[in-house]
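Only one structure is covered here, and it is reproduced in the block below.
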Amino acid sequence: MQQILTEALAVAAPRRAEGKVADYIPALARVSPDRLGIAFAGADGVVHGAGDCDEPFSIQSISKIFMLALALERVGVDLWRRVGREPSGGAFNSIVQLESEQGIPRNPLINPGAIVVTDALIGEQGSADAAIEALLALLRAQSGDPSVAVDEEVAASESETGARNRSLAWFMKNFGNLANPVEIAVGAYFRQCAVAMSCRQLARAGRFLAFDGRNPETGEVVCPPHRARRINSVMMLCGHYDNSGEFAFRVGLPGKSGVGGGILAIAPGHGALAAWSPALNDSGTSAAGAAALEAVVDRTGWSVFF
């Protein structure tokens, strides 16, 4: 596996020049596009990594996967009355689509859908701080690293430039699909996206989705098997916005990208992969990160379509 990861980075390295970093968030605009790392965490707990796999980065929308798992645990299937499960086929922050569908986001992995999920978790936890602490507790426990935390500088930077997300939240509030005040819901959303993790930490944290919701080392049931499978299905269909079909075509694994340049990919029955390279394609997915994951699947045969 170590050799496979090293080879995958070599294949992907030229793609670092493609795309650009998420410069609309000032704190992310300063990250070098030359960074490239990858890690794999399997059932035995050993984490293999290559490149910049130990450098923390802003996980951004990858956080939506873990918040979805928490919200489904606490709210249950009633959550699906407030958010759909279909691919968006458009931008992750489309106001037009949200308005035409009367405040019901197409899926929980686009921005308005994730804000609804966060809003639901805030309601169950009793406060925004408690919801973020629940997310951090999950990430720390599954990564085995208590140092995982919110990068408050990134959170503040997102808040300062978050007019679009506030607009989405106000649309949903107008349609009765936001229970908490807009600023509380989006404030928690900005903080969840600003969690910083390395590829190694992220790969370990996502392993339960590769093993029917169970931590393969401890046997802990993080979520029921049916829920893990459904989260994986949403990742496959919606994890990269209007680039989801291309990712499925080339990589063939459930995955979730973030505009910080990270990608979490799940290889069912094998483990979790995390790749990071900050330069994004037009759809907001790391160009080099996706190429590295494609190279790993080419060498392992882990695509779910084989």
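General remarks:
- Just one of the listed residues (GLY239, GLY213) is touching a residue at least 24 places away in the same chain (Cβ under 8 Å) and not basic (Lys, Arg), and it is GLY239.
- Failed item in (1) in contact with an Asp or Glu (Cβ under 8 Å, 6 or more places away or on another chain); (2) open to solvent by less than 10 Å² (accessible area, probe 1.4 Å); (3) within 30 Å of LEU168 (Cβ to Cβ), with PRO26 passing the rest: (2)
- Scanning the stretch 292-306 for residues that are over 17 Å from ASN232 (Cβ atoms) and either open to solvent by less than 10 Å² (accessible area, probe 1.4 Å) or at pLDDT below 95 (or both) turns up ALA292, ALA295, VAL296.
- Pick from the stretch 125-162, criterion among the charged types (D, E, K, R) and loosely packed, with under 15 Cβ neighbours inside 10 Å, ranking: farthest from GLY260 (Cα to Cα): ASP129
- Test set (1) part of a loop (DSSP other than H, G, I, E, B); (2) within 21 Å of ALA71 (Cα to Cα) - ALA120 fails condition number: (1)
- In the stretch 171-187, residue most open to solvent (accessible area, probe 1.4 Å) [restricted to those that are part of a helix (DSSP H, G or I) and of a type in the set (A, V, I, L, M, F, W, C)]: ILE184
- Of the candidates ALA196, ALA203, the single residue that is touching a Leu at 6+ places or on another chain (Cβ under 7 Å) and either closer than 26 Å to GLU220 by Cβ or of a type outside the set (Phe, Trp, Tyr) (or both) is ALA203.
- Residue within the stretch 93-108 that is of a type in the set (Val, Ile, Thr), open to solvent by 10 Å² or more (accessible area, probe 1.4 Å) and part of a helix (DSSP H, G or I) present: yes
- Strands (runs of 3 or more DSSP E) enclosed by the stretch 188-282 - at least 1 residues per element that are open to solvent by 10 Å² or more (accessible area, probe 1.4 Å): 195-197
- Taken over the stretch 126-162, the criterion of being over 21 Å from the mean Cα position of the chain (by Cα) and in a helix (DSSP H, G or I) is satisfied by GLU160 alone.
- Residue within the stretch 35-57 that is among the small types (Gly, Ala, Ser) and modelled with pLDDT under 95 present: yes
The values are calculated or read from the model by the stated rules, or taken from the named source; none is laboratory data. The structure presented is a predicted model; accordingly, all values stated were derived computationally and were not measured. No Cβ is skipped: glycine too gets one built from the backbone with ideal geometry, and neighbour counts run over all protein chains shown. Remember, those area values only see protein heavy atoms, side chains included, never the ligands or the DNA or RNA. Shrake-Rupley method; radii C 1.70, N 1.55, O 1.52, S 1.80 Å.
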